[in-house]
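Here the structure is laid out as structure tokens; the discussion comes afterwards.
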Amino acid sequence: MLGSVIPSSRFLVRRTLAPIDWSRARVIVEYGPGLGTCTAQILQKMRSDARLVVFETHPDFVSHLRETYSDSRLEVIHDSAEEVEAVLTDRGFDGADYVLSGIPFSLMPGEVRDRILERTRSVLNTDGAMLVYQFSPRIGSHLKRVFDEVDWSFEPLNVLPATVFHCQVTP
Ligand SMILES: C[S@@+](CC[C@H](N)C(=O)[O-])C[C@H]1O[C@@H](n2cnc3c(N)ncnc32)[C@H](O)[C@@H]1O
């Protein structure tokens, strides 16, 4: 369920985060931060009053994230992205402005993938977006089924080259 053992390149991180309007992002969610390559960039760019909630299933990465990033705006959840609705509700958040995902959708059972996509759609605020980077472009058809608008681009400067999807819900 790792997808890749090599952290994302700065080119892929930059491309994935490019659509984010940092001035209005109050609640940001990340799925599968791994060692925290994207997490570190998000923490650098996000507002001082914004919150970042990350979901990671691998216990070693969870420990690493908790030890490395001591930032009161960050909460590391040791659980699957499937729990996004329950966790945001439990924390009193109305929804998320952006959900960033690096989890390997092509390696998980279809019902888990669909549950994560549908629950992500349900937590996204109006004008919010799900930003997905994947080494296989196959997730595209599933994203189009769940979201109203899906754009994508390709980042060759990464091991492995990746497709980045920008998924939106229209009001
Ligand atoms: C390809 S790595 C991404 C690493 C990192 N985001 C980066 O940019 O280098 C995928 C990560 O997703 C995590 N993961 C897999 N399934 C998950 C799930 N259902 N919920 C949360 N994290 C998951 C894995 O443990 C792994 O850390």
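Here are the numbers:
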| item | result |
| --- | --- |
| Where chymotrypsin sites (Phe, Trp or Tyr not before Pro) fall in DSSP loop in region 18-61, at most 16 other Cβ within 10 Å | Trp22 |
| Distant-in-sequence amide H partners of Ser101 (H built 1.01 Å from N, under 5 Å) | Tyr31, Leu131, Val132, Tyr133 |
| Under 14 Å, Cβ to Cβ, from Leu157 - net charge with Lys/Arg +1 and Asp/Glu -1 | +2 |
| The chain: calculated mean residue ellipticity at 222 nm from DSSP helix runs of at least 4, using -39500 (n - 2.57) | -9500 deg cm²/dmol |
| Solvent exposure of the chain as accessible area per residue, Å², 1.4 Å probe | 48 Å² |
| Total charge dipole magnitude, the chain, about the Cα centre, Cβ charges on Lys, Arg, Asp, Glu only, Debye to nearest 20 | 460 debye |
| Carbon/sulfur fraction of accessible area - region 10-168, other protein chains in place, 1.4 Å, % | 47 percent |
| Average silhouette area of the chain, convex hull of alpha-carbon atoms, in square nanometres | 8.8 nm² |
| Pairwise FRET efficiency - Ile6 versus Ser63, Cβ, R0 = 22 Å, nearest 0.05 | 0.65 |
| Karplus (6.51, -1.76, 1.60) ³J(HN,Hα), θ = phi - 60°, over region 153-167, in Hz, Gly and Pro reported as x | 9, 10, 10, x, 8, 7, 9, 7, x, 9, 9, 10, 10, 10, 10 |
| Estimated vicinal HN-Hα couplings, Hz - region 46-51 in sequence order (Karplus 6.51, -1.76, 1.60; Gly, Pro = x) | 6, 4, 5, 9, 7, 10 |
| Neighbour cut-off at most 15 other Cβ (10 Å), DSSP loop, trypsin sites (Lys or Arg not before Pro), region 27-92 | Arg47, Arg91 |
| Residue-by-residue Karplus 3J(HN,Hα) for region 22-27, coefficients 6.51, -1.76, 1.60, Hz, glycine and proline x | 5, 5, 10, 7, 9, 10 |
| Furthest towards positive pole of dipole, Pro33, Ser9, Thr68, structure part the chain, Cβ charges | Ser9 |
| Packing-based order for 119-125, 103-109, using average beta carbon neighbours within 10 Å, highest first | 119-125, 103-109 |
| Percent of beta bridges antiparallel (DSSP, the chain, rounded to nearest 5) | 40 percent |
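The values are calculated or read from the model by the stated rules, or taken from the named source; none is laboratory data. It should be emphasised that the depicted structure is a prediction, and the values quoted were computed from it without experimental measurement. Note that each Cβ is placed from the backbone with ideal geometry, even for glycine, and that neighbours are counted across all protein chains shown. Please note that ligands, DNA and RNA were not included when accessible areas were found on the heavy atoms of the full protein model with its side chains. Shrake-Rupley method; radii C 1.70, N 1.55, O 1.52, S 1.80 Å.
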